[in-house]
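Chemist: Structure incoming, see below.
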Amino acid sequence: MGIKVAKFGGSSLCDAEHFRRVKAIIESDPDYRYVVPSAPGKRFDADEKITDMLYQCHRMVERNRSHEEIFAKIAERYRQIARELELDFDVEELLLETSDAIRQYKNPDFAASRGEYLNGILLSKYLGWDFIDAQDVVKFDRQGSFASEWTNEIMRDALQKHERAVIPGFYGSYPNGDVHTFSRGGSDISGAIVARAAGADVYVNWTDVSGFLMADPRIVKNPRCIRELSYRELRELSYMGATVLHEDAIFPVHKAGIPTNIRNTNDPDDPGTMIVMQPSEHRDDGQVITGIAGHKNFSLLSIEKAMMNAEYGFGRRVLQALEDFGVSFEHLPTGIDTMSVVVADRELVTRKDQIIQRIQQTCQPDSIEISTGIALIATVGHGMTSAPGTAAKLFNALYEAGVNIRMIDQGSSEMNIIVGINIEDFETAMNAIYRAFVKD
Ligand code: ASP
């Protein structure tokens with residue numbers, strides 16, 4: 001028998017009907033030993049997430065105003081779940097205590113964490129499993145950085161004492177015991193932490209989509225689902241904007257060599273996406289690329305100087321100028337007498353002129369120019385390393401679609417080709433690349 005850890009997102013636990021689906025999933029496989037829930041999410045488009053309402057409660061308390069009206073809406077959501085599931089415990093007392101504590105502690109993290117806390121208690125009652133409070137087993141240091149090794153020890157010891165348990169996501173505590181949360185969407189991280197400490201065979205992340213798609217469905221119509229993805233490919237794709245999983249949820253499981261399976265609570269028979277350490281040999285019938293992702297709003301800083309290549313330290317001085325103004329760069333394609341630096345627009349807003357001035361002083365270039373309105377598209381896949389002609393196919397697709405390429409960068413891993421194009425061409429380029437590599 002193996003061990004599985006399941007995390008259910010907010011939309012998977014938004015009402016009693018979804019709790020029933022979750023229970024059916026958990027009970028269908030005895031390997032599920034630990035479950036990490038989010039707070040109830042939206043039931044319909046115009047609905048509110050419990051976490052958002054809890055932050056609102058805190059804002060009222062902070063202004064010395066009553067949070068009761070908002071809390072009443074929160075309480076009603078939990079009350080309704082408990083009633084419809086016929087849970088046999090005093091939910092009213094728990095809600096009252098929670099409301100009082102939010103008022104007393106006046107702490108935004110504490111308030112926000114109660115969404116997962118209450119949901120965790122309800123789910124543990126419904127499954128008949130033990131409840132482990134994340135406050136006791138997930139630790140942050142005094143500066144608020146996640147204390148991974150300390151947590152791993154405490155969590156491992158705690159899990160060993162419980163055959164099956166529910167551990168709420170999203171929060172933990174400082175060394176002094178005060179509640180602290182991860183950033184929004186952080187229950188994904190909690191799930192990965194539990195999976196690592198449990199020595200799980202797989203971390204199953206249940207959400208409301210059937211895994212990762214090969215491209216953003218708002219841009220490419222009906223993109224295929226990615227069945228298998230390596231952690232490295234995932235990192236490259238999420239860095240470029242593909243989102244399903246919280247970025248920091250990768251590290252604990254990757255480190256422990258545990259695969260992550262993204263599944264859809266509303267379509268539990270779909271195998272979803274498996275995120276693995278190494279790509280399997282026969283993945284996706286020889287599909288060369290795994291996914292495409294992109295981001296808009298970059299600037300290209302182009303620097304020219306004759307005989308730049310003969311000058312020691314030129315590149316360092318350019319990068320030093322960025323570092324001095326706290327700007328990080330994305331790519332650094334260089335030519336013989338040219339060097340370009342790709343930087344996100346938001347990094348440059350207030351510091352553009354100062355950086356240019358500094359480069360002029362320290363590098364004395366022949367010219368320096370900034371072009372804005374650049375979009376980056378990453379085409380990612382392990383298959384690309386062994387398939388000759390991949391770059392040709394990609395560039396040809398862009399040429400045929402009439403897209404001008406402003407920059408090219410192939411990572412040294414050879415599993416990612418990034419092109420910089422004009423923002424206006426973003427949608428056309430994404431579709432052209434997708435169609436060139438994916439045959440329906
Ligand atoms: N409930 C938290 C949020 O809305 C954490 C999570 O759902 O993962 O961000």
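Values in this text are rule-based calculations from the coordinates and carry no lab data. Source: prediction; values computed, not measured. Reconstructed Cβ throughout: ideal geometry from the backbone, glycine too, with neighbour counts over all protein chains shown.
Chemist: List the lysines whose alpha-carbon lies under 17 Å from that of K49, not counting same-chain residues fewer than 8 positions away?
Modeler: The reachable lysines, counting only those whose Cα sits under 17 Å from K49, are K73.
Chemist: Calculate for the chain the 222 nm mean residue ellipticity that helices alone would give, adding -39,500 (n - 2.57) per DSSP H run of length 4 or more and normalising by residue count, nearest 500 deg cm²/dmol. Walk me through the numbers before you get to the answer.
Modeler: On the way: 16 runs with 176 residues, N = 440.
Per the formula, -12000 deg cm²/dmol.
Chemist: Let me ask something additional. If you build a Gaussian network model of the chain, linking Cα atoms that sit under 10 Å apart, which residue out of R358, R114, R156 swings the most?
Modeler: Highest fluctuation among the options: R358.
Chemist: Rounded to whole Å and sorted largest first, what semi-axes of the equivalent ellipsoid does the C-alpha gyration tensor of segment 75-208 yield via the square root of 5 times each eigenvalue?
Modeler: Computed over segment 75-208, the values are 24, 20, 13 Å.
Chemist: Could you please rank W206, W150, placing first whichever residue has the fewest other Cβ atoms within 10 Å of its Cβ?
Modeler: Details: W206 28, W150 14.
Ordered from fewest to most neighbouring Cβ atoms within 10 Å, W206, W150 come out as W150, W206.
Chemist: Pairs K4/K221; K255/K393; K296/K439; K296/K352; K352/K393; K7/K139: which exceed 29 Å Cα-Cα?
Modeler: Details: K4/K221 34 Å; K255/K393 35 Å; K296/K439 26 Å; K296/K352 18 Å; K352/K393 36 Å; K7/K139 19 Å.
Those over the limit are K4/K221; K255/K393; K352/K393.
Chemist: First measure r as the distance between the Cβ atoms of D345 and E69, then evaluate 1/(1 + (r/R0)^6) with R0 = 56 Å and state the FRET efficiency to the nearest 0.05.
Modeler: Details: r = 41 Å, r/R0 = 0.72.
So the FRET efficiency works out to roughly 0.85.
Chemist: Here's something else I'd like to know. Between segment 355-374 and segment 388-440, how many Å separate their Cα centres?
Modeler: Taking the Cα centre of segment 388-440 as reference, the centre of segment 355-374 is 28 Å away.
Chemist: What residue among T151, T290, T362 shows peak mean-square fluctuation when the chain is described by a Gaussian network model with Cα springs under 10 Å?
Modeler: Maximum fluctuation in the GNM of the chain, among the listed residues, is at T362.
Chemist: Now, a different point. In whole Å, how far is the Cα centre of segment 158-203 from that of segment 263-333?
Modeler: The distance from the Cα centre of segment 158-203 to that of segment 263-333 comes to 30 Å.
Chemist: Continuing with the same structure: Taking amide H atoms as placed 1.01 Å from N in the peptide plane, list the residues 5 or more away in sequence, or in a different chain, whose amide H sits under 5 Å from that of H180.
Modeler: Distant-sequence amide H within range of H180: G172, S173, Y174.
Chemist: Additional query: Quick one: Karplus J couplings for segment 147-153, per residue in order, coefficients 6.51, -1.76, 1.60, θ = phi - 60°, nearest Hz, x for Gly and Pro?
Modeler: 9, 5, 6, 4, 4, 4, 5
Chemist: Further question: Going by C-beta contacts inside 10 Å, put M307, M274, M214 in order with the fewest on the left.
Modeler: Lowest count first: M307, M274, M214.
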